[in-house]
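Read through the structure below, which is laid out as structure tokens, and then see the notes.
Taken together, the values in this text are just the output of simple stated rules run on the coordinates, not laboratory data. Since the structure is predicted, the reported quantities are computational estimates derived from the model, not experimental observations. Don't worry about glycine lacking a Cβ; one is built from the backbone with ideal geometry, like all the others, and counts go over all protein chains shown.
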Amino acid sequence: MDQDYERRLLRQITLQNENTMPCVSEMRRTLTPSNSPMSSPSKHGDRFIPSRAGANWSINFHRINENEKSPSQNRKAKDATSDSGKDGLAYSALLKNELLGAGIEKVQDPQTEDRRLQPSTPEKKSLFTYSLSSKRSSPDDGNEVSPYSLSPVSNKSQKLLRSPRKPTRKISKIPFKVLDAPELQDDFYLNLVDWSSLNVLSVGLGTCVYLWSACTSQGNLVAVGTHKGFVQIWDASAGKKLSTLEGHTARVGALAWNADQLSSGSRDRMILQRDIRTPPVQSERRLQGHRQEVCGLKWSTDHQLLASGGNDNKLLVWNHSSLTPVQQYTEHLAAVKAIAWSPHQHGLLASGGGTADRCIRFWNTLTGQPLQCIDTGSQVCNLAWSKHANELVSVWCAFFI
């Protein structure tokens, strides 16, 4: 090619490029404002590695095999109440703090730890996050080791190691006293044993006491219900019968004291409330709500509410001044005989069902709502709350406690 021709061709191409570039740059200036309101994204490397900083690894790690526990693992969970088991729980909590950032400050039992590890807020659903969150943890949060600390573990782990260990309360499995009880009737509907505040135990044996004997809170009087529908009031210290109350037409199987007032439940489906200081006719109040035999009676600790259980599978709550039940619970599938009011929480009521029900149910009588249901695997014959601890003792089938 001729060199002159080549130079003229290159000069022409260069002029064309110079004429078109200002148009392109001007067009870009019109499309893109000089001060953009949006900030440019931060630049990262060329490798897309997801960030797991927002994941709750303490919950994820705990839920790996929560539904696939073998019997041996269940036995290990039961053994966690021993000293060696608690040491293992403390060591496990320490590892979770250091490796997973769980932030555990106190060693809990396995049941409490399961409830604690339930997520209280919804977890972040995005699995692939390619940038760190703007909120960074500081050493004051307890998740990181302060550069000025001489301890090799985090602040939360230090609190965990300094937390006092709760001593295990041991309950003896061997009775300290065994009493002979000949002719003790094996009947689910009978209440034959009661203990007064003066350490006096009452038991119905043979023909002496047919159904049930109960002591007042003062421990001076004993009420006895008979098969013929009478209620006898006895002086426990003198061994003398004070009075005989009539009004029932069938056996009296449930009695409950409320100061000087006595409530009695019978197979005639009636509940009678009487003041033993006045004549029976003047102070008698009849409560009708059950369709079958009244199996259990229990006054609340504040002496304002009366709970009654019947063979009609109903649990009724009566007010001190009303003749009709203020609350009615029908969730039980069998007779309700075991009733107990909690002395630690106002309005908390526990009830146990018979063979077809086998459940202990807890009720909030302040709101009328059920709280919890526990399947015991057998009929519940009796319930008793501890006065010193928030614990409940249940008797199953009259053979197991």
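Values computed for the structure shown
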read-out: Boolean, LEU287 is under 17 Å from ALA338 (Cα atoms), in contact (Cβ under 8 Å) with a residue 24 or more places away in the chain and not in a loop (DSSP other than H, G, I, E, B); value: no
read-out: Residue in segment 284-292 that is surrounded by fewer than 21 Cβ atoms within 10 Å (Cβ to Cβ), over 25 Å from the mean Cα position of the chain (by Cα), within 27 Å of ASN220 (Cβ to Cβ) and among the small types (Gly, Ala, Ser) present; value: no
